[in-house]
1. State all residues of the range A:1-46 that are within 13 Å of residue A:62 (Cα to Cα), of a type outside the set (D, E, K, R), within 14 Å of DNA strand C (Cβ to nearest atom) and more than 7 Å from chain B (Cβ to nearest Cβ); if no residue qualifies, say none.
2. All but one of (1) aliphatic (A, V, I, L, M); (2) in a helix (DSSP H, G or I); (3) near DNA strand D (Cβ under 10 Å from one of its atoms) hold for residue A:12, so report the exception by its number.
3. List the residue pairs whose Cβ atoms are under 8 Å apart, where the first residue sits in the range B:34-54 and is on the phi < 0 side of the Ramachandran plot, the second is among the β-branched types (Val, Ile, Thr) and within 6 Å of DNA strand C (Cβ to nearest atom), and the two are 6 or more positions apart or on different chains.
4. Within the range A:51-78, take every residue that is among the polar types (S, T, N, Q) and in a helix (DSSP H, G or I) and give me the one that is farthest from DNA strand D (Cβ to nearest atom).
5. Please state which of the following conditions residue B:116 fails to meet, knowing it meets all the rest: (1) modelled with pLDDT of 95 or more; (2) assigned to a loop (DSSP other than H, G, I, E, B).
6. Can you tell me which condition residue B:21 does not meet? The list is (1) at pLDDT 95 or above; (2) over 15 Å from the mean Cα position of the chain (by Cα), and all the others hold.
7. Please determine whether any residue of the range A:85-101 is charged (D, E, K, R), away from DNA strand D (no atom under 14 Å from the Cβ), surrounded by fewer than 18 Cβ atoms within 10 Å (Cβ to Cβ) and at pLDDT below 95.
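The values are calculated or read from the model by the stated rules, or taken from the named source; none is laboratory data. Just so we're clear, the structure is a prediction, and the values are computed from it rather than from any experiment. Neighbour counts run over all protein chains shown; Cβ positions are idealised from the backbone, glycine included.
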Protein chains: 2
Amino acid sequence: MEGKHAVAALGALAHATRLEIFRLLVQRGPEGLSAGTIAGKLDLPPSSLTFHLQQLLHAGLATQRRLSRQLFYAVDFAAMNALMAYLTENCCGGEACIPVCRPAVAKPPRARRKSA
Amino acid sequence: MEGKHAVAALGALAHATRLEIFRLLVQRGPEGLSAGTIAGKLDLPPSSLTFHLQQLLHAGLATQRRLSRQLFYAVDFAAMNALMAYLTENCCGGEACIPVCRPAVAKPPRARRKSA
DNA sequence: GCTATATTTCGATTATCGTCGAAATATAGG
DNA sequence: CCTATATTTCGACGATAATCGAAATATAGC
């Protein structure tokens, strides 16, 4: 991860609405949520939601995929982990302080009965 | 951790200069660095540096302590860990995806020969 | 108390971000 | 192709953030 990229990711998260969206998506997992579902949960006007989703996309923190008429958004877990790693890189000069993160990879999505 | 607080912390990090400062401090560990040292390493005018340090302080990501004429800044590692935890809270609905972080506590500072 | 060093506060300027209505685009189904 | 639904693009306005010089404050040593 590069500094500019990390700043973009952090900037995307540094907003109340976007952080809520992000956390919704984190909880949801790789399957993601449709724009409409998110708009419903957070009670946002559609144009505002799109704006924020674009920010998350451009920052590389979320992915987008179409399913029929709806667009599903999901967290890019690899990017999330990379960001964590970047923030804590070489913490305490490598001494035995071992602060925070153990990056790992999210499991691939699994089939479900109903989608959101 | 609360949402507003997390937004403040992320906003503090969402800036090229502040992210550099933060990472310098993360690497340095609990001992911290003096304002002057940071200004030297990043080649910043003093008033700009103060501005950014205040942001980190207000966001609760850094601590300040005076040592003679100099002010030392250090990362608040507990706050850093809390932020990570907040971002990944209940990831994937608690299913066995286990994405990222294992919060832990930074060790307390240890005595050193020379300070910076 | 005077001088030097370290850092902060103040103030003005410029640039970027957030909001949201209205109109445009994409997909699905008859 | 016409209608309905889902989402995005455009545009304009108000609000917030970043920069940095100059002056002010804090500490130390003589």
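1. If the condition is that a residue be within 13 Å of residue A:62 (Cα to Cα), of a type outside the set (D, E, K, R), within 14 Å of DNA strand C (Cβ to nearest atom) and more than 7 Å from chain B (Cβ to nearest Cβ), then A:8, A:9, A:12, A:21, A:22, A:34, A:35 are the ones that fit.
2. Tallying (1) aliphatic (A, V, I, L, M); (2) in a helix (DSSP H, G or I); (3) near DNA strand D (Cβ under 10 Å from one of its atoms), residue A:12 fails exactly one: (3).
3. Final answer for the pair search is B:35/B:50.
4. A:55
5. It is condition (1) that residue B:116 fails.
6. (2)
7. Yes, the conditions are met somewhere in the range A:85-101.
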